[in-house]
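Working notes, beginning with the structure itself.
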Amino acid sequence: MERQVAARYAEALFGALRDREIVDEGMSQLRRAAQAIEAAPDLAAAIAHPELPGAAKRELLQRVLGDGVGEVVLAFLALLAERGRFAALPHVVEEVERLANEARNILPVEVASAIPLSDEQQTRLAAALSRRTGRRVRLDARVAPEVIAGVQVRLDDQVIDGTAR
């Protein structure tokens, strides 16, 4: 349920950012705001408190986040708080990033390997996946201790497992 709500709010925010041609800037502001709020659980609890009036929530957000967020992101965060949907913020961030990647034809790919992949290996893997999917690939490579040898690739809902465990 929370993911469905987050998807609707994310679509609205993404549309506002796209209309103003500030998608990258807005996404960066949203990520920073979400990290700041996550790092301060008392702040999140205060903002989510149902008895705190909407104007006070917006003022609190503005005071805490300062110049780190623009008017669009601040208004969006205040809207989430006023409507009692602030807990959905992490899902909203994920969904806005997914929408932005989709709009740019970028496919985020997670790669787990036994040892760090060289730059050349990452470039070759990204090129092969790009040819296979027809999309630009953005690799997120990490070393996974549970992988003895090989590589595991996650793209969308598909897993390509070439590992020995």
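The values are calculated or read from the model by the stated rules, or taken from the named source; none is laboratory data. Just so you know, these numbers come straight off a predicted model, no measurement behind them. In this analysis, Cβ positions are derived from the backbone assuming ideal geometry, glycine residues included, and neighbour counts consider all displayed protein chains.
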Looking for something assigned to a helix (DSSP H, G or I) and not assigned by TED's automatic domain parsing to the domain that holds ASP24 - is there at least one such residue anywhere in the stretch 133-143?
yes
For the list (1) free of Cβ contacts under 8 Å to residues at least 12 places away in the same chain; (2) farther than 24 Å from ILE22 by Cα, I need the number of the one condition that ASP67 fails.
(2)
Taking the stated definitions as given, is ILE47 buried (at least 18 other Cβ atoms within 10 Å of the Cβ) and either touching a helix residue (DSSP H, G or I) at 6+ places or on another chain (Cβ under 9 Å) or not in a helix (DSSP H, G or I) (or both)?
yes
Identify the residue in the stretch 69-85 that is outside any helix (DSSP H, G or I) and small (Gly, Ala, Ser) and, among all such residues, is farthest from the chain's Cα centre (by Cα).
GLY84
Could you say which residue among GLU59, GLU51, GLU21 is acidic (Asp, Glu) and within 14 Å of ALA100 (Cβ to Cβ)?
GLU21
Just to check your reading of the model, which residue among ARG104, ARG85 is among the basic types (Lys, Arg) and within 17 Å of ALA7 (Cα to Cα)?
ARG85
Considering only residues that are more than 22 Å from the chain's Cα centre (by Cα) and either part of a helix (DSSP H, G or I) or of a type in the set (D, E, K, R) (or both), which ones fall in the stretch 86-124?
ASP119, GLU120, GLN121, GLN122, THR123, ARG124
